[in-house]
Amino acid sequence: MDTIFALASARGKSGVAVIRISGTRAHDVARAMAGSLPPLRQATLRMLRNGAGERLDSALVLTFAKGASFTGEDVAELMVHGSMATVAAVERCLAVDHGLRLAQPGEFTRRALDNGIMDLTQVEALSDLLEAETESQRRQALRVLDGAIGRVVGVWRRHLVKAAALVETAIDFVEEDVGNFDTQILAELRAVEGGVQSELAGQRARERIQSGFEVALIGPVNAGKSSLLNALAGRDAAIISDVAGTTRDVLEVRMDVGGFAVTFLDTAGLRDTTEEVEAIGIARGKARAEQADLRIILHPADQPAMMIETTDRDLVVRSKADISAMPNGISAHTGQGVDRLLDQITERLSAMTARDGVTVRERHQQAMQQAATALTDAIDKIAEGDYIAELVAADIRIAINALDVLIGAVDVEDVLGDIFSSFCIGK
């Protein structure tokens, strides 16, 4: 396999730039440039030179051994001064003087996957970590990157392998009296089924941490929804007017609320209207609000409250508190109650994501749902009694295969292209 190199830090002027080299020739090339190498995992200052012996830069040189590096291969990292000229000179030396190949986007991570250093869920988590915008996204990605999903799946798989072994024993010794293993098999299968169902129950909220929550602002016309949106955004994101029905379509503003990625939706004011365009806007707003994770229902303090059916995902707020001096209301103009509203939203979102779990992507959900279906089928067959052991064994194999798909032990190529499309070259 080719020895590859790439800039692992951001391209452009910086204090320090890190150039990573990975492959069978990594240490030899680093030694040729630095004169000698420090002990493994010990950064040491060296003068780098090109093939003609010309000085390139004074750099920290760090090496990792095969099996104990990011890629699982011999790796050398050159920490040089971060000028574009210096980086270009070192890269030119690696490519021209030593014949190394520039890495493709995500190629270092792909090698880590191929060499068993990371599983597919960790590769996905690294992608999520690189794209993280909020604290909750960072924490979630880091947890998965640490191998949390692989550890959970490892436990489930051991239960299923044990259950499969018991079923196979019954098949192989069908004509001999080897005892009844149904109770043991059911115990193993139910242990996994409970874990899978628990993961599925909290999946949507964890997925929302990554993609972002939606919070809809709804209420009658001139309830102050657009003013509140502007106050939350800190800018004039929505047009404000005393003319009723100014907001015709759903306006969206994405921001960080208490460490969560939140998109606020400003919807058209609710009222009966015969004006066609406004009616379409109201219908669109209602549809988006129904799909939102949380709704903020605004009732102007100077008007009677509109009858809007509420659920446990709604926060009812009295707006325009500056007009009626309402102490517990909010005012987009003075800022009264806005911080309190943000705290309430954070509390609601925290409660939604409080359920323990590690899976975060739709792909994870699909794999677990397939495993759950197979497990339910196997359990039902055994519970009914007088079952065909070969069919139960087939169900267990389907569940095991689904878990293998989850961590990328099989069918990994289908998703790698999509994952690596967002990676930079140095990863």
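Under 5 Å between amide hydrogens, built in the peptide plane, is the criterion, and for ALA8 it picks out VAL18, ILE19, ARG20 among residues at least 5 positions away or on other chains.
Counting only heavy atoms of the protein chains and using a 1.4 Å probe, MET255 has close to 40 Å² of accessible surface. Other residues with beta-carbon under 14 Å from the beta-carbon of ALA148 carry, at +1 per Lys or Arg and -1 per Asp or Glu, a net charge of -1. The HN-Hα couplings worked out from phi for segment 28-34 by the Karplus form 6.51 cos²θ - 1.76 cosθ + 1.60 (θ = phi - 60°) are 5, 5, 4, 5, 5, 7, 9 Hz, whole numbers, x standing for Gly and Pro. Rounded to the nearest 20, the Cβ-based charge dipole of the chain about its Cα centre (Lys and Arg +1, Asp and Glu -1) stands at 2200 debye. When you filter the GluC sites (Glu not before Pro) in segment 18-104 for DSSP loop state and at most 16 other Cβ atoms inside 10 Å of their Cβ, you are left with GLU54. Okay, helix-only estimate at 222 nm for the chain: each DSSP H run of n ≥ 4 adds -39500 (n - 2.57), divide by all residues, round to 500 deg cm²/dmol; what do you get? Helix contribution divided over all residues of the chain: -14500 deg cm²/dmol. Here the accessible area is traced with a 1.4 Å probe on the protein chains. For the chain, carbon and sulfur cover 51 percent of it. Rolled with a 1.4 Å probe across the full set of protein chains, the surface gives THR109 an accessible area near 0 Å². The phi torsions of segment 201-208, fed into the Karplus equation with coefficients 6.51, -1.76 and 1.60 and a -60° offset, translate into couplings of 5, x, 4, 4, 5, 5, 5, 5 Hz, rounded to whole numbers, with Gly and Pro shown as x. Solvent exposure of ASP182, expressed as accessible area, is near 40 Å², computed with a probe of 1.4 Å over the protein chains only.
Segment 25-49 and segment 358-374 have their alpha-carbon centroids 45 Å apart. In order along segment 119-132, the Karplus-derived 3J(HN,Hα) couplings, from 6.51 cos²θ - 1.76 cosθ + 1.60 at θ = phi - 60°, round to 9, 4, 5, 6, 4, 4, 5, 5, 4, 5, 5, 5, 9, 4 Hz, and Gly and Pro are given as x.
Annotation: lysines with alpha-carbon distance below 22 angstrom to LYS286 (same-chain offsets under eight excluded): LYS225. Dividing the mean sequence gap of close Cα pairs (under 8 Å, 6+ apart) by how many residues the chain holds gives a relative contact order of 16 percent.
Note on LYS427: lysines with a C-alpha under 27 Å away, same-chain residues under 8 apart excluded, are LYS13, LYS66. Anisotropy class assigned to the chain is oblate, per the alpha carbon gyration tensor with a/c at or over the 1.5 cut-off and a/b no larger than b/c. A 1.4 Å probe run over the chain, with the rest of the protein chains in place, finds 48 Å² accessible per residue.
Length available on full extension from ALA354 to GLN197: 0.36 nm per residue minus the Cα-Cα distance, which gives 54.9 nm.
The values are calculated or read from the model by the stated rules, or taken from the named source; none is laboratory data. Keep in mind that what you see is a predicted model, and the values were worked out from it rather than measured. With ideal geometry, Cβ positions are generated from the backbone for all residues, glycine too; neighbour counts draw on all protein chains shown. For accessibility, only protein heavy atoms count, side chains too; no ligands or nucleic acids. Shrake-Rupley method; radii C 1.70, N 1.55, O 1.52, S 1.80 Å.
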